[in-house]
Structures are given as C-alpha cells and as structure tokens.
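Q: Quick one: this structure, given as structure tokens, is what I'll be asking you about.
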Amino acid sequence: MVARGVGGDAARRPLVGERLHGVARPAQLERPRLLQVLALEEQLGAGGAVERLVAQHRRAAHQALDTRGGGAHVGEGGQLGHDCRIVAQVVHPGVVAVSQPRMLVHLDGAVLPLEQARISPQDRGFLFADGLYEVGLAWRGRLLLWPEHERRMQAGLRAIRLPLDTAPLARAGEELLRANGLLAGFAVLYVQVTRGAAPRAHGFPEPAVPPTVYMTARPHRLHEEAFVEAGVSAARVPDPRWARCDVKSTALLANVLAQQQAHEAGAWEALFVRDGVTLEGSHTNLFVVRGGELWTYPPCNYVLEGVTRNVVLALARDLGIVVRDGVEALVDPAAADEVFLTGTTTEVLPVVRIDGRDVGLGAPGPLTRRLRAAYLARLDELAGR
Ligand code: PDD
C-alpha cells in the first residue's frame, strides 16, 4: 500500500494564494450549500499538503465547502457519502477557502459539467429502468478488472436484447477520469446504458433509437482499517426481486427498499432471503465460513455474479481453502464461524452481527482477514503498486 501522508512538498507551508488539490468526504449538511469537511485524504499529488494546510488553520472555524459544482452526496458519518475533489486555498493568513471543482460527466460521447448534462424525460431508463450499469474501480486513472466488468455488461446487454459495442467504454471511462483530475489514488467509475429515448410504449422503440450512455467518476478511498476491524452488521429481508438478478439492471427499487430497511434497523447491509436461503446483499455478495470451508451462493439467476466475488474465490482456491458448492451454510449465516461481504466498493468486509446475533465471536475471523489481505494485495498487483 502507498504510505499515507507522504507528499513531495511535505514540509513546506503553503503560501497565501496557493491552490492545493485534495479529496474530502462531506458528512454533515451545515446550512444550505455549505458542507463541513470532515476528512481530507492524500490521494491527489498535493492531498497530504491540503490535509496539513487545513490542520494548520483548524482554528479558523469550519472549512466551508462550496457545492456549486454539484455532485456532493451528503451521507451520515461519511459512510454513505461520496468523496469529492476539493481545492484548498489560503486566502488570508489563518483562513482557508475550500471549494469543489466542477464535476464532469460523460453523456453520449461528450464530456461536460454535470449541471449541463440533459437526459430526455422520455429516456427508457427514466420511464422503465430499461438499462444496465457497472461500477468499476480505477487506480491512478486506469481501470482495474474492466474486462470482467465488460464481460458481465455484455452478458447483460444480450439478456435484455440491447445491442451496444462496449469496446469504446473503457477509453471513454479513462478519459473521464483524466478530465476530472482523478489521476492519483483510487476512483470509482459508474457506467449506465439505457435503451434510449422514445415515446412511452412497453415494446422496444421501432425503429430503434440510439442507446443513452452516461458515466460519472469520483474519487474513492479504501475502507479505514478501524472500520473493517469493527466489522459491520446485517439484517435479513425477504427477497422480492425479479428472477434475473444476474443482470445488473438499473431497476434497483427492491435493493433500495432493502438497504433503507436495514439502515433503519441500524444495520450496514440488507441480506436477501429467498426460500429460506440467504443469497446476497443489496449491493454485495455474501460469503460464509463454516468449519474452515467457504460458501457463497452459486452463480445463477438469483444473484449477481460479482467481479470481487470471483477474484476472492480464485484467491481462496490459491490459498488452498475449500470452496463448497451448495447452500446449506447459507440457511442460517449467523450460526456460521465467519461471514463477510464482497463488492467493488465494499472490498472484503467482515459481518460481525446478523439480525442482532453475533457471528462467531462477534469480531472479524481469521479466514476473512486472510482473504481481505489477499484481496488488497491483488488490488496492489493489478494497480502495479
Ligand atoms: N453493486 N450483488 C449486488 C446485488 C450488487 O449490486 C453488487 C455490486 C454486487 C457485487 O458485485 P461487484 O463485486 O462486481 O461489485 C453483488 C455495485 C457496486 C453497486 O450497485 O453500486
């Protein structure tokens, strides 16, 4: 892993007027259009300097983050909030102004500011959720595991009968990362494709209309080790989803409601239960460890075949861990020795409580730790770090 807080200009005190780039995680809406910056992280070249800069001026009231650029999502405790790029500037001795650069998005081949992006109300993504999406990780502006995401998207496009050449997406995604200045640290690329805009009618438009392709890119940080060490809780909910959960459809209402229900129950993730078996999370895959063996629901139409899941399964096999092909251990996951979740933005995350019951000793287990370490090492390898 990259050492944190080490920047080229580490010891230098920024000058009045100097602009420094960094990343912030807005956590609490203070008053309209002003957010309090809770965390600044070294990600961009001078990010460490931004952190020090703000630390040096901490007494100068709260740092104001101007959200005119849009795109900041405010979540509780930073957990649900997205990181955003910021620019910090000493405007006066003792006063730091923190502003948010404009967020650029990709829409149908063009890169433009978010607030200028216009999608027709007749878009079938809006009217019918007639579309697919992918969420991919990037390191220093380069997509990681994109062939795996692209293969899944191609399978989804075939399933929903939406012809689209996915080959240009990777380059367009990396261009968007560059346009947003996301050339240091991790970033997350969101790609959505819909069947395009046409007067509302259930059947496909005739003649066909061009698909809508939309992408966003945001800075991203891996979980803090303290958060991972504490583990998360999960709540089981009945699975009301359609029988094509292998398709990464934008129709996520069941996932939205499940996640909200879990959140209101004080849990981090909702786990879908169908026919008495716990399948996966609202946005994660589920793994269970029992007697030193690993269980996860086999790929089929009731779960999404996660890219992270497949990386973790390959790592488990390399480590000589037995991977079981079955669902018995998924009937009552709280009774397992260990449980963890996987996902592009979730990494490998221990679940220590399910429906209020401790899993194992109520702390991350040894196999989870091994697999998390192996997964982070694999990310390093993919990133060439
Ligand atoms: N969610 N299962 C579901 C239902 C998901 O939505 C996701 C991903 C996963 C994990 O897949 P992967 O390892 O390829 O990220 C499993 C994305 C991240 C999301 O909706 O934001």
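Q: Which of the following residues is under 24 Å from Leu189 (Cα atoms) and either modelled with pLDDT of 95 or more or more than 22 Å from the chain's Cα centre (by Cα) (or both): Val312, Val351, Val359, Val331?
A: Val312
Q: Please verify whether Leu294 is part of a strand (DSSP E or B), at pLDDT 95 or above and not assigned by TED's automatic domain parsing to the domain that holds Gly125, treating the condition exactly as stated.
A: On the way: part of a strand (DSSP E or B): yes; at pLDDT 95 or above: yes; not assigned by TED's automatic domain parsing to the domain that holds Gly125: yes.
Answer is yes for this residue.
Q: If I ask for residues that are away from the ligand (no atom under 14 Å from the Cβ) and within 16 Å of Ala334 (Cα to Cα), which ones from the range 274-314 would you list?
A: Across the range 274-314, the qualifying residues are Gly276, Val277, Val288, Val289, Arg290, Gly291, Gly292, Glu293, Leu294, Trp295.
Q: Residues to consider are Gly173, Gly231, Gly196; find the one that is at positive phi and outside the structural domain of Glu280 (by TED's automatic domain parsing).
A: Result of the check over Gly173, Gly231, Gly196: Gly196.
Q: Go through the range 245-275 and count every residue that is farther than 22 Å from Arg158 by Cα and part of a loop (DSSP other than H, G, I, E, B).
A: Counting residues in the range 245-275 that are farther than 22 Å from Arg158 by Cα and part of a loop (DSSP other than H, G, I, E, B) gives 5.
Q: Separate question: Against the condition among the basic types (Lys, Arg), within 16 Å of the ligand (Cβ to nearest atom) and either within 18 Å of Trp146 (Cβ to Cβ) or surrounded by 19 or more Cβ atoms within 10 Å (Cβ to Cβ) (or both), how does Arg378 come out, does it pass? Steps first, answer last, please.
A: On the way: among the basic types (Lys, Arg): yes; within 16 Å of the ligand (Cβ to nearest atom): yes; either within 18 Å of Trp146 (Cβ to Cβ) or surrounded by 19 or more Cβ atoms within 10 Å (Cβ to Cβ) (or both): yes.
Yes: the conditions hold for Arg378.
Q: Any idea how many residues of the range 242-264 are closer than 20 Å to Arg161 by Cα and surrounded by 13 or more Cβ atoms within 10 Å (Cβ to Cβ)?
A: Residues meeting the conditions: 9.
Q: When you scan the range 141-198, how many residues do you find that are modelled with pLDDT of 95 or more and part of a loop (DSSP other than H, G, I, E, B)?
A: 12
The values are calculated or read from the model by the stated rules, or taken from the named source; none is laboratory data. Owing to the predicted nature of the structure, the values given are computational and were not obtained by experimental measurement. Note that we place each Cβ from the backbone using ideal geometry, even for glycine, and neighbour counts take in every protein chain shown.
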